[in-house]
Amino acid sequence: MSLRLIRRLTHLKPSINSKLYLQLSSKFAIQKHIVQPLSHFCKFEYCKPSVLKSCIIAEFPRRLNHQSTADMPEAKPFERLPQTLSPVNYNIRLKPNLKAFTFEGSEDIDIEVVKPLSKITINSVEIEVQEVSYVASGKSDTVKGTVSYNKEDETVTFTFSSEIQPGKGRMSMTFTGILNDKMKGFYRSKYTSPDGEEQYSAVTQFEATDARRAFPCWDEPAVKATFDVTLVVPKDRVALSNMPVKSEQVYEGDNKWKVVSYEKTPIMSTYLLAFVVGEFDYVEGKDADGVLVRVYTPVGKKEEGKYALDVAVKTLPFYKDYFKIPYPLPKMDLIALADFAAGAMENWGLVTYRETALLVDPKKSSAKTKQWVALVVGHELAHQWFGNLVTMEWWTHLWLNEGFASWIEYLCVDFCFPEFDIWTQFVKNDLGRALELDALNNSHPIEVPVGHPSEVDEIFDAISYSKGASVIRMLHDYIGDADFRVGMNAYLTKFKYSNAFTEDLWEYLGKASGKPVAEVMSSWTKQMGYPVIKVTEKQDGKNRVLSLSQEKFCADGKKQEGEQFKWMVPLSFCTASSPDKPVKKILLDSTTAEVTLENVKPGEWVKVNCGTVGVYRVQYSSEMLQSLITGIKDCSIAPCDRLGIQSDLFALARAGLVSAVDVLKVAEAYINETDYTVWSDLSLSLGTQGLLIQSTDATDEMKAYNRNLYSKVFQSLGWEAKENEGPLTAMLRDLVLAKLGRNQEQSVVMEAKKKFLDFYNGKPLSADLMDPVYVTVMSNGDEDMFNKMLELYDKADSQEERNRISRAIGAVKDEALIKRVLDFAMSDKVRSQDTVFVIGGVTGSVKGREMAWQFLKDNWTKLHDRYEGGFLLSRLVKVTTENFVTEEKAKEIEQFFTDHPAPAAERTVKQSLENIGLNIEWMKRDKDAVSAFLKSRNA
């Protein structure tokens, strides 16, 4: 056991670090001794004993049992800022220069000093402090300080000429910084004005640890304070911050500038502060409680903000009623930014978005876009309570912040827009993503101890978001909505304007429900992975008796020797007589169990995991699966359960636990399917298998298989929308046409080309048909079609349309055109935030994957510098590496990243290599049988 693991416990009191290291290292040889020195852990100054105990008991033995010391990543040594003083209020004044890309700043920080000190260390990056001073409250003597920087620790230290005594005082400083082009901190965002001029905004993105790039501060979520913000900006620019404007006046000495001051914020964390300076229009409204809501758009695009405004004014009252706590601020601004790395950011009272996550063109936006905007707005506004009002104590608890918002956004959208049937889509979008990633040996627990801030970006992934959301959904179902609401209200009320740990929420939900919430949830958050529930059945008179067992599900189907994983699993069961409501619920807290379901007739299907709410796979006996196929064919099984059955089967087949051929046979039972989300997830499963088939001689046969499977639903949908059809029908048509186009259904290809040329020549094309038409034309097109598509890109007046085109052009098959797509991705025509997705677009073919990987290697320095330390780098690595199928390629990728380290993507590289290994095993095991099956189907 290496001591580097102890450094990942992030709340160590610096004065006892060395003592604890020595003490713990002497105990680690014997596992049972890990929990003995708890009295020493309880001396940690910033962490509750209960929190540390759960971390030690759950995390350290897991690592000892299942991970060798050599496999553990080396964590950077890290200590949080000294707690000898704390900020009370920041008075910040910033003047950004939108031409030189710099800013001038000054701040007065009211602080409370706990112990005598002569040095003050706070966070700061790429900021030059000109002068700093301190004056104690009630005193007139000002103490000057000298300045030194620690680039590695991202800190600045002020050393004062005389000792500062305990009490209140004010630290003042002036500084300068840069408006960077990295989409983090205080940065510049390029846009084109309505008259065609290139212009810049100054905007912010502070989460997780980039407020320190805008002003020196205590940039840790637990160190909260209030903020008085003043911005000095050109008089013709809009200037926004978290709070309403308090005053606006002409800048002294230059009437081309104005000084805008804002009301004092509530007590909040630095990462939630925000400033925006630029040219914007807005639409506004008030919610049912009178809160002023504005949606800021690019100039001339106010109409595109109305949909998000409608969502926001419905959403704020929904959360107020759900949490039984009013929205805490007097206004809510939502703003679309030209350059933004993430989808959106929940800054308190000023939420920032990518344009495609906020703007909806009433005439040109698809149903998919509207649904996406509704979900993102729901997610960010949920954070105004859960994350902003009550904040995680440290980044270790990021998963709860993001997982909760990723769950409740669906609850909100289901309330506002029931026509989306959004919970079925949750099973695909979040639960499915989580189960796929978490089956890997290179996954991680939901709750990961985080030390150095550089480790934070690595956990902005599907485990923190999607698995986090999935276990919250499972918990909500387990304790019931009424008790969940009571517990949430008590939690938010207790910790409002302060910080909390994951265990605090479990405590209040446990009190509200009377159920062992902390014990159940620890089994899901502290250990990596999830179980597969294996089930067999026998008839006993009028009853059905199920034999159940649980074991860890691994993507490779293998068990690691000595594994001791066990979950407390909320299980539910539905039957043909009760397909929508569970006939029984239990908590499986052992490795095996027997369950009796009463009054189940012989031959009647039984499904485990009713509603596909549980975070686990299910492996049925062949007899049980055969009866479920009947329920799939006649659609008597609920959509989310039809989805869950095939998702589990494909995962089991990839792990080698069931026959890949048999799964393709089961997929044919979905030929009568009419539900968009079921088709969407089945298409994803077939697409994953199709990528492997591309490396066999059965590619054409796989296309024929797909054409046959989608033919019936295509006949019912056709090309044109029916009167009064819902958004899910439009989304299903989009999906089916795109699949048939990619699989060279000639009638679809011909009609798509016709519609494309008509559109190119000025005829309208439905927004819901643009995606499938573009993809079909590009996957079956030539250079002339490609050039026409780029012309449409240049003429496009919305980012949604540019994204639609830039992702579709990667479907081209010609090698010369693939090269043009890759070059286009790095051109000035593509925003930095979108380059990754354009490159990823070419990876749907064998040749495209080879060329994208080579392109990554050839441009590594430029791409790494552009995305260093951000999650986009991980995305880029993932899409360009994970779908190869040979040992040679795996070795090549491993060697490249050994020679070109990318710490922020280290886990992603390992996951990609593991996925390649799974692909290799599938090819060895299933390639011949699947190829023979496909050929026999099309003989």
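Where the accessible area of segment 398-480 is counted over protein heavy atoms with a 1.4 Å probe, how much of it, in %, is carbon and sulfur? Mind dumping the intermediate values first?
On the way: 860 of 1750 Å².
That fraction is 49 percent.
For the chain, the longest principal axis of the alpha carbon atoms and the long axis of helix 783-795 meet at an angle near 40°.
For segment 273-313, calculate the relative contact order in percent as a whole number, restricting contacts to Cα pairs under 8 Å that are 6 or more residues apart. Don't skip to the answer; put the middle values down first.
On the way: 56 pairs, mean separation 15.8, N = 41.
Value for segment 273-313: 39 percent.
Computed from Cα atoms, the angle from the helix 676-693 axis to the main principal axis of the chain rounds to 80 degrees.
Just list whichever of Lys184/Lys829; Lys368/Lys935; Lys788/Lys891 have alpha carbons separated by over 28 Å in the model shown. Pairs exceeding 28 Å: Lys368/Lys935; Lys788/Lys891.
Once you compute Rg and the Kirkwood Rh from C-alpha atoms, what is the Rg to Rh ratio for segment 672-781? Could the numbers behind the result be given before it?
On the way: Rg = 14.0 Å, Rh = 14.4 Å.
We get a ratio of 0.97 for segment 672-781.
Distance distribution note for the chain: the fraction of Cα pairs above 38 angstrom is 47%. Relative contact order of the chain: what whole-number percent is it, with Cα pairs under 8 angstrom and at least 6 residues apart? For the chain, the relative contact order is 7 percent. Binning all Cα-Cα separations of segment 679-741 at 5 Å, short to long from zero, yields these whole-percent fractions: 4, 16, 27, 21, 15, 9, 5, 2, 1.
When both segment 538-613 and segment 728-801 are represented by their alpha-carbon centers, they are found 45 Å apart.
Toward the positive end of the charge dipole of the chain, with +1 on the Cβ of Lys and Arg and -1 on the Cβ of Asp and Glu, the farthest Cα among Tyr200, Asn599, Val232 is that of Asn599. For segment 158-266, the list of chymotrypsin sites (Phe, Trp or Tyr not before Pro) that fall in a loop by DSSP and count at most 16 other C-beta atoms within 10 angstrom reads Tyr251. For Lys581, give me every one of the aspartates and glutamates with a C-alpha distance below 13 angstrom, ignoring sequence neighbours fewer than eight places off in its own chain. Correct list for Lys581: Asp477, Asp641.
Dipole of segment 740-792, Cα-centred, from +1 at each Lys and Arg C-beta and -1 at each Asp and Glu C-beta, to the nearest 20 debye? Could you put the intermediate results ahead of the total?
Values: 6 positive and 9 negative charges, 23 e Å.
Dipole size: approximately 120 debye.
Where does the chain land at 222 nm, in deg cm²/dmol rounded to the nearest 500, when only DSSP H runs of n ≥ 4 count, each adding -39500 (n - 2.57), divided by all residues?
Theoretical 222 nm ellipticity from helices: -13000 deg cm²/dmol.
If you take the alpha carbon radius of gyration of segment 278-413 and divide it by 2.2 N^0.38 Å, what ratio comes out, to two decimals?
Values: Rg = 14.1 Å, N = 136, 2.2 N^0.38 = 14.2 Å.
Dividing the Cα Rg of segment 278-413 by 2.2 N^0.38 Å gives 0.99.
Can you give me the Cα centroid spacing of segment 129-196 and segment 371-399 in angstrom? Centre-to-centre distance over Cα atoms comes out at 28 Å. Computed from the C-alpha gyration tensor, the three semi-axes of the ellipsoid equivalent to segment 799-939 are 27, 21, 12 Å, from longest to shortest. By the rule of a C-alpha distance below 16 Å, with chain neighbours fewer than 8 residues away ignored, the lysines paired with Lys324 are Lys314, Lys494, Lys496.
With viscosity 1.306 mPa s and temperature 10 °C, the Kirkwood radius over alpha carbon pairs of segment 228-336 converts through Stokes-Einstein to a diffusion coefficient of 104 µm²/s.
Magnitude of the charge dipole for the chain, about its Cα centre and with charges confined to Cβ atoms of Lys, Arg (+1) and Asp, Glu (-1), is about 1440 debye. Per q in 0.09, 0.16 1/Å, what log10 I(q)/I(0) does a Debye calculation on the alpha-carbon atoms of segment 610-747 return? Log10 I(q)/I(0), no solvent term: -0.27, -0.86. Within segment 195-241, the GluC sites (Glu not before Pro) that combine a DSSP coil assignment with at most 11 other C-beta atoms in a 10 angstrom radius are Glu197.
Segment 177-301 has equivalent-ellipsoid semi-axes of 23, 20, 17 Å, by the square roots of 5 times the alpha carbon gyration tensor eigenvalues, sorted largest first.
The values are calculated or read from the model by the stated rules, or taken from the named source; none is laboratory data. What you are looking at is a predicted structure, and each value in this text was computed from that prediction instead of being measured. Counting neighbours? That spans all protein chains shown, and the Cβs are built from the backbone with ideal geometry, glycine included. To get the accessible areas, we keep the full protein, side chains included, count just its heavy atoms, and leave off ligands, DNA and RNA. Shrake-Rupley method; radii C 1.70, N 1.55, O 1.52, S 1.80 Å.
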